[in-house]
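To start, the structure under review is shown below, and the notes come after it.
The values are calculated or read from the model by the stated rules, or taken from the named source; none is laboratory data. These figures come from a predicted structure and were not determined experimentally. Every residue, glycine as well, gets a Cβ built from its backbone with ideal geometry; the counts of neighbours run over all protein chains shown.
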Amino acid sequence: MQSTLELMLDEGHLKRGLPLPQLARLLSGAPAERFGLGPTKGRIAPGCDADLALVDLNAGYTLQATDLYQRHPVSPYVGRSFRCRVKMTLLRGRVVYSCGEGLLPRPAGRECSPVYPGTANIHM
C-alpha cells in the first residue's frame, strides 16, 4: 500500500504518459466516492480535508526494507527502483510524513465511515 502512489506515478505517468489528473481521480477521488467518504475526502477544494502527498517526479530511489512504515514491513517492491518519490504527506493540512524524517508524531485523527442517507460520516 505504501508504494502504490510511487508505483502508479512511475508506471502510469512517467512510463506511459497517463495524465496526472486521471491518476488523482483513480487513486483518490474514485475510492473516496466508492467508500462513501463524503465531500471532504478525495479532492482538493475549499472545505476539504487537505490530505495530500507531495511528490518529486525527478527524485529516483530504490525501495529498501528500511524505508517501509507499514504495519507489516514487507513489500514485493523492495529492491525496485522508482523514478519519483513521495517527499511529504499531509493529513488535514498537517505534516505526518517527511522523506528526511520519516513518520512524524500523528495529529489526532477522526474516524471516517461511509455516508448513508440521514447519517453523518465523521465521528469525534
Only one of PRO105, PRO46 is modelled with pLDDT under 85 and assigned to a loop (DSSP other than H, G, I, E, B); which? PRO105
Take the residues in region 19-34 that are among the charged types (D, E, K, R) and either within 12 Å of the chain's Cα centre (by Cα) or surrounded by 15 or more Cβ atoms within 10 Å (Cβ to Cβ) (or both); name whichever of them is modelled with the highest pLDDT. ARG25
Quick check on my filter: what residues within region 62-76 are under 17 Å from the mean Cα position of the chain (by Cα) and either part of a loop (DSSP other than H, G, I, E, B) or exposed (fewer than 10 other Cβ atoms within 10 Å of the Cβ) (or both)? LEU63, LEU68, TYR69, GLN70, ARG71, SER75
Report, by residue number, each residue of region 7-18 that is exposed (fewer than 12 other Cβ atoms within 10 Å of the Cβ) and part of a helix (DSSP H, G or I). LYS15
Pick from region 70-86 the residues that are free of Cβ contacts under 8 Å to residues at least 40 places away in the same chain and of a type in the set (Val, Ile, Thr): which of them is farthest from LEU5 (Cα to Cα)? VAL74
Could you list, in sequence order, the residues of region 25-41 that are in contact with a Cys (Cβ under 8 Å, 6 or more places away or on another chain), assigned to a loop (DSSP other than H, G, I, E, B) and of a type outside the set (A, V, I, L, M, F, W, C)? LYS41
Failed item, numbered, when ASP49 is tested on (1) surrounded by 12 or more Cβ atoms within 10 Å (Cβ to Cβ); (2) touching a residue at least 60 places away in the same chain (Cβ under 8 Å): (2)
Return the residues of region 52-102 that are among the aliphatic types (A, V, I, L, M) and closer than 22 Å to LEU20 by Cα; say none if nothing qualifies. LEU52, ALA53, LEU54, VAL55, LEU57, ALA59, VAL86, MET88, LEU90, LEU91
Could you say whether any residue in region 79-94 is out of contact with any Asp or Glu (no Cβ under 9 Å at 6 or more places or on another chain), modelled with pLDDT under 90 and assigned to a strand (DSSP E or B)? yes
Given the options LEU37, LEU9, name the one that is aliphatic (A, V, I, L, M) and at pLDDT below 95. LEU37
Among the residues listed as ARG71, ARG16, the single one being at pLDDT 90 or above and among the basic types (Lys, Arg): ARG16
